[in-house]
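Asks: Quick one: the structure is below, questions incoming.
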Amino acid sequence: MTEGPPGTPDAELLTAALRTTHTWFEQHSGWAPPDPATLADWAAEDACRAPDECWVTRRGVCPHGLASWQVVLDSLAVEDAARGAGLGPAAPRVGR
């Protein structure tokens, strides 16, 4: 398993954080992903929010165990692409 830049969580931690985040989504209402312009603004700072509003690194995990919105949206894009290619459900991919 390759590691990202210093301070970037490893794939195992991000996979666990994605599971925690999806559980959080099931228990909380009123959330919505950020729009592309907001994501771009955060990316310019190499930062992001987690769904619970914690400020984290762009591909990070908050103190409550939630993945950043960037990690969540990247994972969903990979899953959507796998389904579109007829590959069936995909395991979350968190590394780039």
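Nothing in this text is a laboratory measurement; each read-out follows from the coordinates by a stated rule. All of these numbers come straight from a predicted model, not from anything done at the bench. Counting neighbours? That spans all protein chains shown, and the Cβs are built from the backbone with ideal geometry, glycine included.
Asks: Please list, ordered by chain and number, the residues whose modelled amide H lies under 5 Å from the amide H of Arg58; skip anything fewer than 5 residues away on the same chain.
Replies: Ala47, Cys48
Asks: In whole Hz and in residue order, list the ³J(HN,Hα) couplings for the range 26-39 that follow from phi through the Karplus curve 6.51 cos²θ - 1.76 cosθ + 1.60, θ = phi - 60°; x for Gly and Pro.
Replies: 5, 9, 10, 10, x, 8, 8, x, x, 6, x, 5, 5, 4
Asks: If you place +1 on the Cβ of every Lys and Arg, -1 on the Cβ of every Asp and Glu, and leave all else neutral, what size is the dipole of the range 35-88 about its Cα centre, to the nearest 20 Debye?
Replies: Working: 4 positive and 9 negative charges, 37 e Å.
The dipole of the range 35-88 has a size of about 180 debye.
Asks: Okay, moving on. From the phi angles alone, apply the Karplus equation (6.51, -1.76, 1.60; θ = phi - 60°) to the range 73-80 and give each ³J(HN,Hα) in whole Hz, x where the residue is Gly or Pro.
Replies: Values per residue, Gly and Pro as x: 5, 4, 5, 5, 5, 5, 4, 4 Hz.
Asks: Follow-up question, since we're still on this one. Ranked from highest to lowest mean number of other Cβ atoms within 10 Å per residue, what is the order of the peptides 43-50, 76-83, 64-71?
Replies: 64-71, 43-50, 76-83
Asks: Still on this model: Using a simple spin-label model with points 7 Å from Cα along the Cα→Cβ vector, what separation in nm is obtained for Arg83 and Glu12?
Replies: It is 3.0 nm.
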